[in-house]
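First comes the structure, then the notes that go with it.
The values are calculated or read from the model by the stated rules, or taken from the named source; none is laboratory data. Since we're looking at a predicted model, the values are computed, not measured. Methodologically, a virtual Cβ is constructed for each residue, glycine included, from the backbone with ideal geometry; neighbour enumeration extends over all protein chains shown. The accessibility values were calculated without ligands, DNA or RNA, using every heavy atom of the protein model including side chains. Shrake-Rupley method; radii C 1.70, N 1.55, O 1.52, S 1.80 Å.
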Amino acid sequence: MTTTDSTIHDLGYRRYDGEREGARGAFRALYWQGFRAMFGVGRPMKTKAVPVFVSVVTMLPALASVAASGATQGQLPITYANVIGAQALLFLLFSAAQAPEMLCRDQQHRVLPLLFTRDVTRTHYALARLLALFTAMFLVALAPLLILYLGEIGVAKDPGATFAKMGNKLGPVLLFATLLAWVMSTVSAFLSSLTPRRAYATAAVIGGFLGTVVISQGLQDLAGMSEAATKMIDPIETLRTTAMQLFGETKRWMELTPPPSVWVHVAALTALGFAAAAGLVWRVRRVPV
């Protein structure tokens, strides 16, 4: 008979006897954890720097525009498209910084094998992460637009009459915030899923969007294509043009070379988002674990 000095320690482990929520609960948990990560909730202060910076800075021009309109008693009109269009690069910074925080970390820290042993399928994982990023982007994009909308009503001489007159402007506000969030979140999520390194992913997102600016400008200058056509290649410029059309504003180049209708732009941006979302699902299905 052999004797050893081995000892069994009781560490207090117990079987889980709570409610099992299955795939739906796992999807909800992934979404909620991802949404919190977008704003650095429950994480060190440095992870909150970009979300707080972008959220605050994108709202300042909207507040200034409302204040200027109020000070001049409405003589200086509030322009939605000019204000929100000027913030496009800040929204890009948000998506480029925060999408890798979710998708790259899961690959880098080898969390995916643990997740995929549960009820979570790869498609559910991709969609939950994408929905979290989309929700965060939507809220960040919607905040300055809502400030402009409510501010325009608040500074009016007759807020009640202005509210009744502006009722149909809430649709463009929600539609543009949805389009911006859809394009930036899907493209950023797809590009971030291609690498486990956050720095590479951030560079890919910024380079991907800004690369289209160079291509668009090159085609305009070298190939002689019209400004309206080349701007369709650049998602950020397409978003700006869509904002102009949705809010009934215009620029000099739009008068010289009228762009396609707003619904062509909406369809193009929606299709780009669906293509990027499909790319994200394709990539997650092939990530080695």
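Dipole of the chain computed with +1 at Lys/Arg Cβ and -1 at Asp/Glu Cβ about the Cα centre; of Val57, Asn82, Pro260, farthest Cα towards the positive end is Val57. Residues Ser261, Ser65 ordered from highest to lowest accessible area at a 1.4 Å probe: Ser261, Ser65.
Among the chymotrypsin sites (Phe, Trp or Tyr not before Pro) found in the stretch 1-58, those both in a DSSP coil and sparsely packed, with 16 or fewer other Cβ atoms within 10 Å of their Cβ, are Tyr13, Tyr16. Note on the chain: GNM, Cα springs under 10 Å; of Ala277, Ala181, Ala67, the largest mean-square fluctuation is that of Ala67. Which value, in debye to the nearest 20, describes the size of the charge dipole of the stretch 193-246 about its Cα centre when Lys and Arg Cβ atoms bear +1, Asp and Glu Cβ atoms bear -1, and nothing else is charged? Charge dipole of the stretch 193-246: 320 debye, to the nearest 20. Rounded, prolate or oblate: which fits the stretch 88-127, taking a ≥ b ≥ c as square roots of the Cα gyration tensor eigenvalues, rounded meaning a/c under 1.5, else prolate when a/b beats b/c? Here the stretch 88-127 falls in the oblate category.
For the chain, complete DSSP H runs whose alpha carbons reach 20 Å or more along their own long axis and whose mean Kyte-Doolittle score is -0.5 or higher are 22-38, 49-71, 88-108, 122-154, 170-192, 198-222, 262-285. Between the listed residues Tyr149, Leu222, Ser193, the Cα displaced farthest toward the positive end of the dipole of the chain, a dipole computed from Cβ unit charges relative to the Cα centre, is found at Ser193.
Leaving out ligands and nucleic acids, and using a 1.4 Å probe, what accessible area per residue does the stretch 178-289 come to in Å²?
For the stretch 178-289, the per-residue accessible area is 48 Å².
Going by accessible surface with a 1.4 Å probe and the largest first, Lys231, Lys251, Lys157 read Lys157, Lys251, Lys231.
When the Gaussian network model of the chain links Cα atoms closer than 10 Å, the mean-square fluctuations of Ser185, Ser69, Ser193 top out at Ser69.
Just the accessible area per residue of the stretch 18-91, please: how many Å² with a 1.4 Å probe?
Heavy-atom accessible area per residue stands at 56 Å².
Subtracting the Cα-Cα distance of Ala267 and Gln33 from 0.36 nm times their residue separation leaves 81.1 nm of extension gain. Structure remark: mean-square fluctuation, Gaussian network model of the chain, C-alpha springs under 10 Å; the largest value among Met254, Met137, Met38 belongs to Met254. Here the accessible area is traced with a 1.4 Å probe on the protein chains. For the chain, carbon and sulfur cover 63 percent of it.
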